[in-house]
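Notes to accompany the following structure.
The values are calculated or read from the model by the stated rules, or taken from the named source; none is laboratory data. Being a predicted model, the structure only gives us computed values, none of them experimental. Don't worry about glycine lacking a Cβ; one is built from the backbone with ideal geometry, like all the others, and counts go over all protein chains shown.
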Amino acid sequence: MSKLLEVEKLSISFSQYFKGLEQRELKVLSDLTMDVDDHEILAVLGSSGSGKSLLAHAILGILPTNAKVSGSIRYKGKEMDDELKQELRGDKISFIPQSVNNLNPLMKVKDQAIGYIEDEDERKKMYEKQRKIFNQYDLSEEVDDMYPFQLSGGMARKVLISTALLNDPEIIIADEPTPGLDEKAVEETINNLIELKEQGIGMILITHDIHTAIETSDRIAILYLGYVIEITDTKNFTGDGEKLLHPYTRSLYRALPETDFELTEGHQPSYLHIPKGCPYHENCPHQVRECHYELPELREVNGTIIRCFNPLVDGD
(Lines give C-alpha, C1' and ligand atoms only; values in the text may rest on other atoms or scores of the structure.)
Protein backbone atom coordinates (compact mmCIF):
# COMPACT_ATOMS: atom_id res chain seq x y z
CA MET A 1 0.00 0.00 0.00
CA SER A 2 1.16 3.53 -0.76
CA LYS A 3 -0.13 6.95 0.21
CA LEU A 4 -2.38 8.51 -2.41
CA LEU A 5 -3.52 11.57 -0.50
CA GLU A 6 -2.17 13.43 2.52
CA VAL A 7 -3.89 16.31 4.30
CA GLU A 8 -1.80 18.16 6.87
CA LYS A 9 -2.92 20.90 9.27
CA LEU A 10 -5.79 21.98 7.01
CA SER A 11 -7.83 24.87 8.41
CA ILE A 12 -10.82 26.55 6.74
CA SER A 13 -12.64 29.62 7.98
CA PHE A 14 -15.06 32.25 6.70
CA SER A 15 -15.52 35.91 7.55
CA GLN A 16 -19.03 36.82 8.65
CA TYR A 17 -20.72 40.12 9.38
CA PHE A 18 -22.66 40.12 12.62
CA LYS A 19 -25.11 42.76 13.84
CA GLY A 20 -24.44 45.13 10.98
CA LEU A 21 -20.74 45.89 10.41
CA GLU A 22 -19.19 43.72 13.12
CA GLN A 23 -16.96 41.13 11.44
CA ARG A 24 -16.07 37.80 12.96
CA GLU A 25 -14.19 34.71 11.89
CA LEU A 26 -16.09 31.41 11.71
CA LYS A 27 -13.67 28.49 11.99
CA VAL A 28 -15.14 25.37 10.39
CA LEU A 29 -12.13 23.06 10.06
CA SER A 30 -9.07 23.41 12.27
CA ASP A 31 -5.66 21.74 12.09
CA LEU A 32 -7.06 18.73 10.20
CA THR A 33 -4.53 16.01 9.43
CA MET A 34 -5.26 12.63 7.78
CA ASP A 35 -4.18 10.45 4.87
CA VAL A 36 -5.54 7.68 2.66
CA ASP A 37 -3.68 4.82 0.97
CA ASP A 38 -4.53 2.81 -2.09
CA HIS A 39 -6.63 -0.28 -1.28
CA GLU A 40 -8.14 1.63 1.66
CA ILE A 41 -11.39 3.29 2.69
CA LEU A 42 -11.03 6.06 5.26
CA ALA A 43 -14.35 7.11 6.75
CA VAL A 44 -14.63 10.70 7.99
CA LEU A 45 -17.35 10.57 10.62
CA GLY A 46 -18.97 13.62 12.13
CA SER A 47 -22.32 15.17 12.91
CA SER A 48 -24.22 17.21 10.35
CA GLY A 49 -22.59 20.62 9.94
CA SER A 50 -19.21 19.45 11.24
CA GLY A 51 -17.34 20.55 8.09
CA LYS A 52 -17.00 17.13 6.47
CA SER A 53 -18.11 18.31 3.03
CA LEU A 54 -15.72 21.27 3.16
CA LEU A 55 -12.86 18.79 3.42
CA ALA A 56 -13.98 17.27 0.11
CA HIS A 57 -14.35 20.69 -1.49
CA ALA A 58 -10.86 21.69 -0.35
CA ILE A 59 -9.32 18.59 -1.91
CA LEU A 60 -11.21 19.18 -5.16
CA GLY A 61 -10.48 22.90 -5.26
CA ILE A 62 -14.13 23.98 -5.28
CA LEU A 63 -14.34 25.97 -2.05
CA PRO A 64 -16.21 29.30 -2.11
CA THR A 65 -14.02 32.27 -2.99
CA ASN A 66 -14.46 33.78 0.49
CA ALA A 67 -12.95 30.74 2.22
CA LYS A 68 -9.67 31.28 4.06
CA VAL A 69 -7.53 28.17 3.76
CA SER A 70 -4.21 27.14 5.27
CA GLY A 71 -2.38 23.83 5.44
CA SER A 72 -1.17 21.30 2.92
CA ILE A 73 -2.85 18.75 0.60
CA ARG A 74 -0.61 16.34 -1.33
CA TYR A 75 -1.40 13.83 -4.06
CA LYS A 76 1.22 11.07 -4.26
CA GLY A 77 3.61 13.35 -2.41
CA LYS A 78 3.08 16.34 -4.72
CA GLU A 79 1.62 19.55 -3.33
CA MET A 80 -1.80 20.19 -4.84
CA ASP A 81 -2.04 23.76 -6.11
CA ASP A 82 -5.15 25.05 -7.88
CA GLU A 83 -3.88 23.92 -11.28
CA LEU A 84 -3.22 20.35 -10.14
CA LYS A 85 -6.57 20.18 -8.34
CA GLN A 86 -8.34 21.16 -11.55
CA GLU A 87 -6.34 18.59 -13.53
CA LEU A 88 -7.15 15.76 -11.12
CA ARG A 89 -10.78 16.67 -10.48
CA GLY A 90 -13.11 14.30 -12.34
CA ASP A 91 -10.16 12.26 -13.59
CA LYS A 92 -7.80 10.75 -11.00
CA ILE A 93 -10.01 12.06 -8.19
CA SER A 94 -13.76 11.50 -8.53
CA PHE A 95 -16.49 12.92 -6.34
CA ILE A 96 -19.84 11.49 -5.34
CA PRO A 97 -21.69 14.61 -4.11
CA GLN A 98 -24.09 14.68 -1.22
CA SER A 99 -26.98 16.33 -3.04
CA VAL A 100 -28.76 15.03 -6.14
CA ASN A 101 -29.14 18.70 -7.09
CA ASN A 102 -25.66 18.39 -8.56
CA LEU A 103 -27.29 16.77 -11.59
CA ASN A 104 -27.87 19.22 -14.44
CA PRO A 105 -31.67 19.52 -14.85
CA LEU A 106 -31.34 20.42 -18.55
CA MET A 107 -29.28 17.42 -19.68
CA LYS A 108 -30.19 13.81 -20.24
CA VAL A 109 -28.65 11.48 -17.70
CA LYS A 110 -26.37 9.64 -20.13
CA ASP A 111 -24.96 12.86 -21.58
CA GLN A 112 -24.01 14.42 -18.28
CA ALA A 113 -22.63 11.10 -17.06
CA ILE A 114 -19.98 10.92 -19.80
CA GLY A 115 -19.46 14.68 -20.21
CA TYR A 116 -18.50 16.43 -23.41
CA ILE A 117 -16.49 14.20 -25.79
CA GLU A 118 -15.83 15.55 -29.27
CA ASP A 119 -14.50 12.38 -30.91
CA GLU A 120 -17.43 10.22 -32.06
CA ASP A 121 -15.67 6.86 -31.60
CA GLU A 122 -14.49 7.81 -28.12
CA ARG A 123 -17.97 9.02 -27.22
CA LYS A 124 -19.46 5.71 -28.36
CA LYS A 125 -16.99 3.76 -26.20
CA MET A 126 -17.83 5.91 -23.19
CA TYR A 127 -21.58 5.39 -23.72
CA GLU A 128 -20.94 1.62 -23.72
CA LYS A 129 -18.95 1.91 -20.51
CA GLN A 130 -21.63 4.11 -18.97
CA ARG A 131 -24.34 1.57 -19.82
CA LYS A 132 -22.30 -1.27 -18.30
CA ILE A 133 -21.83 0.61 -15.03
CA PHE A 134 -25.48 1.69 -14.95
CA ASN A 135 -26.49 -1.96 -15.33
CA GLN A 136 -24.50 -2.77 -12.18
CA TYR A 137 -26.77 -0.37 -10.30
CA ASP A 138 -29.97 -1.68 -11.87
CA LEU A 139 -30.44 1.46 -13.94
CA SER A 140 -32.29 0.39 -17.08
CA GLU A 141 -31.67 1.74 -20.58
CA GLU A 142 -34.74 3.94 -20.16
CA VAL A 143 -32.82 5.94 -17.58
CA ASP A 144 -30.23 7.02 -20.17
CA ASP A 145 -32.66 9.38 -21.91
CA MET A 146 -34.33 10.68 -18.76
CA TYR A 147 -33.84 14.10 -17.23
CA PRO A 148 -33.07 14.36 -13.49
CA PHE A 149 -36.62 15.46 -12.57
CA GLN A 150 -37.86 12.11 -13.92
CA LEU A 151 -35.69 10.12 -11.50
CA SER A 152 -36.63 9.00 -8.02
CA GLY A 153 -34.28 10.04 -5.20
CA GLY A 154 -32.71 6.58 -5.08
CA MET A 155 -32.25 6.44 -8.85
CA ALA A 156 -30.62 9.88 -8.89
CA ARG A 157 -28.14 8.83 -6.21
CA LYS A 158 -27.28 5.69 -8.17
CA VAL A 159 -26.59 7.89 -11.20
CA LEU A 160 -24.19 10.02 -9.13
CA ILE A 161 -22.33 6.96 -7.90
CA SER A 162 -22.15 5.41 -11.37
CA THR A 163 -20.90 8.64 -12.95
CA ALA A 164 -17.99 8.82 -10.49
CA LEU A 165 -16.68 5.49 -11.78
CA LEU A 166 -16.52 6.31 -15.48
CA ASN A 167 -12.98 7.69 -15.61
CA ASP A 168 -11.31 4.90 -13.61
CA PRO A 169 -10.29 7.16 -10.71
CA GLU A 170 -7.49 6.43 -8.24
CA ILE A 171 -9.27 8.28 -5.44
CA ILE A 172 -13.01 8.58 -4.81
CA ILE A 173 -14.48 11.04 -2.34
CA ALA A 174 -17.96 9.84 -1.46
CA ASP A 175 -20.00 12.46 0.39
CA GLU A 176 -22.94 10.71 2.10
CA PRO A 177 -23.46 8.18 -0.75
CA THR A 178 -26.25 6.13 0.85
CA PRO A 179 -29.12 8.46 1.93
CA GLY A 180 -32.21 7.98 -0.20
CA LEU A 181 -31.36 4.37 -1.04
CA ASP A 182 -33.42 1.41 0.12
CA GLU A 183 -31.85 -1.23 2.34
CA LYS A 184 -30.88 -3.48 -0.57
CA ALA A 185 -29.33 -0.58 -2.50
CA VAL A 186 -27.38 0.53 0.60
CA GLU A 187 -25.93 -2.95 0.93
CA GLU A 188 -25.09 -3.01 -2.79
CA THR A 189 -23.44 0.41 -2.56
CA ILE A 190 -21.32 -0.66 0.41
CA ASN A 191 -20.29 -3.83 -1.42
CA ASN A 192 -19.43 -1.85 -4.55
CA LEU A 193 -17.29 0.60 -2.58
CA ILE A 194 -15.44 -2.30 -0.98
CA GLU A 195 -14.93 -3.94 -4.39
CA LEU A 196 -13.46 -0.70 -5.75
CA LYS A 197 -11.09 -0.55 -2.78
CA GLU A 198 -9.96 -4.10 -3.49
CA GLN A 199 -9.15 -3.01 -7.05
CA GLY A 200 -6.68 -0.48 -5.65
CA ILE A 201 -8.77 2.68 -5.29
CA GLY A 202 -8.27 4.85 -2.22
CA MET A 203 -11.50 6.26 -0.86
CA ILE A 204 -12.64 8.95 1.56
CA LEU A 205 -16.13 8.13 2.79
CA ILE A 206 -17.75 11.19 4.34
CA THR A 207 -20.69 10.25 6.52
CA HIS A 208 -22.65 10.94 9.68
CA ASP A 209 -23.85 7.31 9.74
CA ILE A 210 -21.64 5.32 12.09
CA HIS A 211 -23.09 2.01 10.86
CA THR A 212 -22.11 2.74 7.24
CA ALA A 213 -18.65 3.80 8.41
CA ILE A 214 -18.12 0.60 10.41
CA GLU A 215 -19.42 -1.71 7.67
CA THR A 216 -17.44 -0.07 4.87
CA SER A 217 -14.16 1.41 6.05
CA ASP A 218 -10.71 0.28 7.16
CA ARG A 219 -10.09 3.31 9.37
CA ILE A 220 -12.36 5.96 10.83
CA ALA A 221 -11.47 9.61 11.47
CA ILE A 222 -13.73 11.25 14.05
CA LEU A 223 -14.52 14.96 13.65
CA TYR A 224 -15.69 17.12 16.53
CA LEU A 225 -16.18 20.88 16.17
CA GLY A 226 -13.97 20.86 13.09
CA TYR A 227 -11.08 19.00 14.73
CA VAL A 228 -9.95 15.45 14.05
CA ILE A 229 -9.92 13.98 17.54
CA GLU A 230 -9.21 10.32 16.72
CA ILE A 231 -8.18 8.18 13.74
CA THR A 232 -8.46 4.51 14.55
CA ASP A 233 -8.81 1.13 12.87
CA THR A 234 -12.45 0.24 12.23
CA LYS A 235 -11.92 -3.11 13.95
CA ASN A 236 -11.61 -1.19 17.25
CA PHE A 237 -15.35 -0.43 17.10
CA THR A 238 -16.24 -3.65 18.86
CA GLY A 239 -17.33 -4.96 22.25
CA ASP A 240 -18.10 -2.07 24.56
CA GLY A 241 -15.61 0.21 22.79
CA GLU A 242 -12.75 -0.57 25.14
CA LYS A 243 -10.23 -0.15 22.28
CA LEU A 244 -11.45 3.36 21.43
CA LEU A 245 -9.17 5.83 23.18
CA HIS A 246 -10.90 9.22 22.94
CA PRO A 247 -13.73 9.78 25.43
CA TYR A 248 -15.98 11.24 22.73
CA THR A 249 -15.43 8.33 20.32
CA ARG A 250 -16.15 5.80 23.03
CA SER A 251 -19.27 7.66 24.17
CA LEU A 252 -20.46 7.89 20.56
CA TYR A 253 -20.08 4.14 20.10
CA ARG A 254 -21.65 3.26 23.45
CA ALA A 255 -24.69 5.39 22.61
CA LEU A 256 -25.70 2.95 19.86
CA PRO A 257 -28.76 0.80 20.65
CA GLU A 258 -26.83 -2.40 19.95
CA THR A 259 -24.10 -1.54 22.45
CA ASP A 260 -24.92 0.04 25.82
CA PHE A 261 -27.34 2.75 24.62
CA GLU A 262 -25.46 4.86 27.15
CA LEU A 263 -26.21 8.54 26.64
CA THR A 264 -23.98 11.35 27.95
CA GLU A 265 -25.08 14.73 29.22
CA GLY A 266 -24.40 17.95 27.38
CA HIS A 267 -24.39 18.99 23.74
CA GLN A 268 -21.87 20.01 21.09
CA PRO A 269 -21.09 23.74 21.37
CA SER A 270 -21.65 26.15 18.51
CA TYR A 271 -18.85 26.93 16.06
CA LEU A 272 -19.28 30.52 17.18
CA HIS A 273 -18.31 29.53 20.73
CA ILE A 274 -15.63 26.86 20.40
CA PRO A 275 -14.22 26.32 23.90
CA LYS A 276 -10.66 27.23 24.72
CA GLY A 277 -8.44 24.20 25.12
CA CYS A 278 -9.77 20.79 24.10
CA PRO A 279 -13.00 21.27 22.10
CA TYR A 280 -14.65 18.39 23.99
CA HIS A 281 -13.63 19.22 27.54
CA GLU A 282 -16.98 20.76 28.57
CA ASN A 283 -18.71 17.39 28.11
CA CYS A 284 -15.80 15.10 28.94
CA PRO A 285 -15.94 13.05 32.17
CA HIS A 286 -12.19 12.36 31.92
CA GLN A 287 -10.95 15.94 31.63
CA VAL A 288 -7.74 17.03 33.33
CA ARG A 289 -6.46 20.51 34.10
CA GLU A 290 -4.68 20.98 30.74
CA CYS A 291 -7.90 20.34 28.84
CA HIS A 292 -9.27 23.74 29.90
CA TYR A 293 -6.34 25.82 28.68
CA GLU A 294 -4.40 23.96 25.98
CA LEU A 295 -5.38 22.38 22.66
CA PRO A 296 -3.94 18.87 22.59
CA GLU A 297 -1.81 17.97 19.57
CA LEU A 298 -2.49 14.90 17.46
CA ARG A 299 -0.24 12.07 18.61
CA GLU A 300 0.01 8.31 18.33
CA VAL A 301 -1.04 6.13 21.24
CA ASN A 302 -1.12 2.34 20.85
CA GLY A 303 -1.41 2.62 17.07
CA THR A 304 -4.24 5.18 17.23
CA ILE A 305 -3.91 8.85 16.26
CA ILE A 306 -5.57 10.87 18.99
CA ARG A 307 -6.02 14.47 20.16
CA CYS A 308 -6.34 14.03 23.90
CA PHE A 309 -4.36 14.71 27.09
CA ASN A 310 -5.96 11.78 28.91
CA PRO A 311 -6.61 8.91 26.49
CA LEU A 312 -8.59 5.94 27.77
CA VAL A 313 -5.92 3.25 28.01
CA ASP A 314 -5.33 0.40 30.44
CA GLY A 315 -9.01 -0.42 30.76
CA ASP A 316 -10.20 3.07 31.77
Which one is surrounded by the most Cβ atoms within 10 Å (Cβ to Cβ) among residues in the range 111-122 that are in contact with a helix residue (DSSP H, G or I) (Cβ under 7 Å, 6 or more places away or on another chain) and farther than 11 Å from Leu160 by Cα? Ile114
What is the residue count in the range 60-96 for residues that are of a type outside the set (A, V, I, L, M, F, W, C), in a loop (DSSP other than H, G, I, E, B) and farther than 15 Å from Leu166 by Cβ? 7
Would you mind telling me which numbered condition in (1) of a type in the set (Val, Ile, Thr); (2) under 23 Å from the mean Cα position of the chain (by Cα); (3) more than 30 Å from Leu26 (Cβ to Cβ) Ile222 fails? (3)
When the range 143-172 is checked residue by residue, the ones that are more than 26 Å from Glu122 (Cβ to Cβ) and either touching a residue at least 24 places away in the same chain (Cβ under 8 Å) or aliphatic (A, V, I, L, M) (or both) are Phe149, Leu151, Gly153, Gly154, Met155, Ala156, Arg157
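Residues are listed down the side, and each one gets a yes or a no for (1) surrounded by 13 or more Cβ atoms within 10 Å (Cβ to Cβ); (2) closer than 20 Å to Asp168 by Cα; (3) among the aromatic types (Phe, Trp, Tyr):
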| position | (1), (2), (3) |
| --- | --- |
| Ser53 | yes, no, no |
| Leu60 | yes, yes, no |
| Ile73 | yes, no, no |
| Lys78 | no, no, no |
| Arg89 | yes, yes, no |
| Phe95 | yes, yes, yes |
| Ser99 | yes, no, no |
With respect to the numbered conditions (1) closer than 21 Å to Glu187 by Cβ; (2) of a type in the set (Asp, Glu); (3) at pLDDT 90 or above, which one is the sole condition not fulfilled by Asp111? (1)
Report yes if some residue within the range 146-157 is surrounded by fewer than 17 Cβ atoms within 10 Å (Cβ to Cβ) and among the aromatic types (Phe, Trp, Tyr); otherwise report no. yes
Report yes if some residue within the range 254-274 is in contact (Cβ under 8 Å) with a residue 40 or more places away in the chain, of a type outside the set (S, T, N, Q), touching a Lys or Arg at 6+ places or on another chain (Cβ under 8 Å) and surrounded by fewer than 12 Cβ atoms within 10 Å (Cβ to Cβ); otherwise report no. yes
Considering the range 160-183 alone, what residues qualify as being at pLDDT below 85 and of a type outside the set (Val, Ile, Thr)? Pro177, Pro179, Gly180, Leu181, Asp182, Glu183
Is it the case that Ile172 is of a type outside the set (D, E, K, R), surrounded by 18 or more Cβ atoms within 10 Å (Cβ to Cβ) and in a helix (DSSP H, G or I)? no
Taking the range 101-131 and keeping residues hydrophobic (A, V, I, L, M, F, W, C) and over 27 Å from the mean Cα position of the chain (by Cα) leaves Leu106, Met107, Ile117, Met126
Verdict on Ile214 being modelled with pLDDT of 90 or more and assigned to a strand (DSSP E or B): no
Out of all the residues in the range 269-291, which are in contact with a helix residue (DSSP H, G or I) (Cβ under 6 Å, 6 or more places away or on another chain) and over 12 Å from Asn310 (Cβ atoms)? Pro275, Gly277
Identify the residue in the range 124-145 that is closer than 22 Å to Phe95 by Cβ and basic (Lys, Arg) and, among all such residues, is surrounded by the fewest Cβ atoms within 10 Å (Cβ to Cβ). Lys132
If I filter the range 1-47 down to residues being over 22 Å from Ile214 (Cβ atoms) and part of a loop (DSSP other than H, G, I, E, B), which single residue comes out as nearest to the chain's Cα centre (by Cα)? Ser2
Could you list, in sequence order, the residues of the range 4-31 that are touching a Ser or Thr at 6+ places or on another chain (Cβ under 7 Å) and either of a type in the set (A, V, I, L, M, F, W, C) or surrounded by 12 or more Cβ atoms within 10 Å (Cβ to Cβ) (or both)? Val7, Glu8, Lys9, Ser11, Leu26, Lys27, Val28, Leu29, Ser30, Asp31
